[in-house]
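Reading through the structure tokens given below for one structure.
What follows draws every value from the coordinates through simple rules; no lab data is involved. These numbers come from a predicted model, not from an experiment. Cβ: placed from backbone, ideal geometry, glycine included. Neighbour counts: every protein chain shown.
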Number of protein chains: 2
Amino acid sequence: MSIREAVADDWPRIWPFWHRIVAAADTYAWDPDTSEEDARALWMAPGKQVFVAEDSSGVVVGSAYVTPNYGGPAADVANAGFMVDPDRTGQGIGRALAEHILRTAKDDGYRAMVFNAVVETNPAVKLWMSLGFEIVGTVPYAYAHPTQGRVGLHIMHRAL
Amino acid sequence: MSIREAVADDWPRIWPFWHRIVAAADTYAWDPDTSEEDARALWMAPGKQVFVAEDSSGVVVGSAYVTPNYGGPAADVANAGFMVDPDRTGQGIGRALAEHILRTAKDDGYRAMVFNAVVETNPAVKLWMSLGFEIVGTVPYAYAHPTQGRVGLHIMHRAL
């Protein structure tokens, strides 16, 4: 597997799993009916650094972005988002993307990384904690999970 | 003082204090050099409900917005932002705007309100707590305050 910066032509290879993940409505706080055009604008917005993970056959199996979480006096704290093709979970792709993004963010001068809305039932919470993130707090009942009922959204933080 | 929905023509009356507050770079996590055009796009974005407070002479002395904090399964939690003309602080304008926004959000079916990035040195923290908000957590050292050094950003929450 290799990780490289995404180019515009990667989008059609990201969209199938992007759509599947957001439509499942159990990990992302975006409209499950988000159109492909709106999805592209969200994921590959100007100012976001976007990466893709490719397997050894050149198939895009995951993507991630890093961007300032806020602006002005808070612009040196990064935010990031991650998606792994649901057919390819359990292969270390998420961890590899996260390690890449953490290195990139640190090299770019960010002093910390924050995730603003991690669904507390998301298995990725364990991955983030194994990578040194801590739960700063949890907004209670903020996310209507399709099978778990109302669950909290964690804010997670790691210094870089 | 009265509070009403903002119209497009209100923007030129919001911008002077908007600019002054954001340029001070001690309460908002936006670029202090934000242009008027970008500021308008931020404050009066489609999907935001925007209000203004007018004094008895019809002078706009404050503004606030309410909008979903996130989308999809999290869209029934509101976010809001508030600005009061720095020349008119201490007159209850912020509290009146906040009470109005809390009522509006509840009437519109939001089940809670969240502030994502309250600078911990902001005097408004006391106001939010007096209105029933709690500090969910604090992202440490996330904001470079011009006189206080690096300070934290509170995430604050109130059920509606």
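Side notes on the structure shown:
- Residue under evaluation B:A74, criteria (1) under 14 Å from the mean Cα position of the chain (by Cα); (2) within 30 Å of A:M113 (Cβ to Cβ), criterion not met: (1)
- Summed over the range A:118-139, the residues that are assigned to a strand (DSSP E or B) and either crowded, with 17+ Cβ neighbours inside 10 Å or in contact (Cβ under 8 Å) with a residue 60 or more places away in the chain (or both) give a count of 7.
- Scope the range B:8-29; condition polar (S, T, N, Q) and more than 14 Å from chain A (Cβ to nearest Cβ); matching residues: none
- Selection count where residues are over 13 Å from the mean Cα position of the chain (by Cα), under 26 Å from B:A74 (Cβ atoms) and crowded, with 17+ Cβ neighbours inside 10 Å, scope the range A:31-67: 4
- Among the residues of the range B:146-159, those identified as part of a strand (DSSP E or B) and surrounded by fewer than 17 Cβ atoms within 10 Å (Cβ to Cβ) are B:G149, B:R150, B:A159.
The rows are residues; the columns are (1) of a type outside the set (V, I, T); (2) in contact with a strand residue (DSSP E or B) (Cβ under 6 Å, 6 or more places away or on another chain); (3) within 14 Å of another protein chain (Cβ to nearest Cβ).
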position: B:D31; (1), (2), (3): yes, no, yes
position: B:S35; (1), (2), (3): yes, no, yes
position: B:A39; (1), (2), (3): yes, no, yes
position: B:V60; (1), (2), (3): no, yes, no
position: B:G71; (1), (2), (3): yes, no, yes
position: B:A80; (1), (2), (3): yes, yes, no
position: B:D85; (1), (2), (3): yes, yes, no
position: B:I93; (1), (2), (3): no, yes, no
position: B:L97; (1), (2), (3): yes, yes, no
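- Criterion violated by B:T89 - all others in (1) more than 14 Å from chain A (Cβ to nearest Cβ); (2) within 28 Å of A:V151 (Cβ to Cβ) satisfied: (2)
- Output for the range A:109-160, where each listed residue is within 11 Å of chain B (Cβ to nearest Cβ), in contact with a Gly (Cβ under 7 Å, 6 or more places away or on another chain) and not aromatic (F, W, Y): A:V136, A:G137, A:T138, A:V139, A:P140, A:A142, A:I155, A:R158
- Selection status of A:S2, more than 14 Å from chain B (Cβ to nearest Cβ), hydroxyl-bearing (S, T, Y) and within 21 Å of A:I101 (Cβ to Cβ): yes
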